[in-house]
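The values are calculated or read from the model by the stated rules, or taken from the named source; none is laboratory data. A quick note: this is a predicted structure, and the numbers were derived from the prediction, not measured. We place every Cβ from the backbone using ideal geometry, glycine too, and count neighbours over all the protein chains shown. Quick note on the areas: whole protein, heavy atoms, side chains included, nothing else; ligands and nucleic acids left out. Shrake-Rupley method; radii C 1.70, N 1.55, O 1.52, S 1.80 Å.
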Amino acid sequence: MANAASGMAVHDECKLRFMELKAKRTFRYIVFKIEEKQKQVIVEKVGEPAQSHQDLAACLPESECRYAVFDYDFVTQENCQKSRIFFIAWSPDTARVRSKMIYASSKDRFKRELDGIQVELQATDPTEMDLDVFKSRVN
């Protein structure tokens, strides 16, 4: 079903991969891309469970927008192992204005398709999604 605001549909693989990340922890992260010609959001890349947030940051393009989901593991002050699922809206300053507008107008609907997002992050450069940012957002 296309998004009324931007006309973007969400490919079924996006939801399937997200469910695998959430329920089975098959992936550490998923990077999503909007295919403008096909008018839909697709899975661009998945990260293996052993990969880190640096691997995610390294695979995001310098001048193109993306969505990403990251499964962040951490230990609480009470020494409990926990995890949070982050939704990252990657919109670098160097991206085309049209691309930024399409990603911004499609974001909320796409996020609703992924049931289980716990924290949202907006990032325009890699420093806005370093480990300290993740740590500060889970508390």
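Below are the figures for this structure:
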{"read-out": "Condition met for PHE86 (part of a loop (DSSP other than H, G, I, E, B) and in contact (Cβ under 8 Å) with a residue 40 or more places away in the chain)", "value": "no"}
{"read-out": "Any chance ARG98 is in contact (Cβ under 8 Å) with a residue 12 or more places away in the chain, of a type outside the set (Phe, Trp, Tyr) and outside any loop (DSSP other than H, G, I, E, B)", "value": "no"}
{"read-out": "Selected residue (only one of ALA68, ALA89, ALA95, ALA58 is hydrophobic (A, V, I, L, M, F, W, C), over 13 Å from the mean Cα position of the chain (by Cα) and at pLDDT 95 or above)", "value": "ALA95"}
{"read-out": "Number of positions in region 27-50 that are open to solvent by less than 70 Å² (accessible area, probe 1.4 Å) and free of Cβ contacts under 8 Å to residues at least 12 places away in the same chain", "value": "1"}
{"read-out": "Residue within region 58-69 that is in a loop (DSSP other than H, G, I, E, B), among the small types (Gly, Ala, Ser), in contact with a Pro (Cβ under 7 Å, 6 or more places away or on another chain) and open to solvent by 50 Å² or more (accessible area, probe 1.4 Å) present", "value": "yes"}
{"read-out": "Residue selected from region 71-83 under the condition modelled with pLDDT under 95 and of a type in the set (D, E, K, R), by the criterion farthest from ASP115 (Cα to Cα)", "value": "GLU78"}
{"read-out": "Any hit, region 8-26, residues being open to solvent by 30 Å² or more (accessible area, probe 1.4 Å) and closer than 15 Å to SER99 by Cβ", "value": "no"}
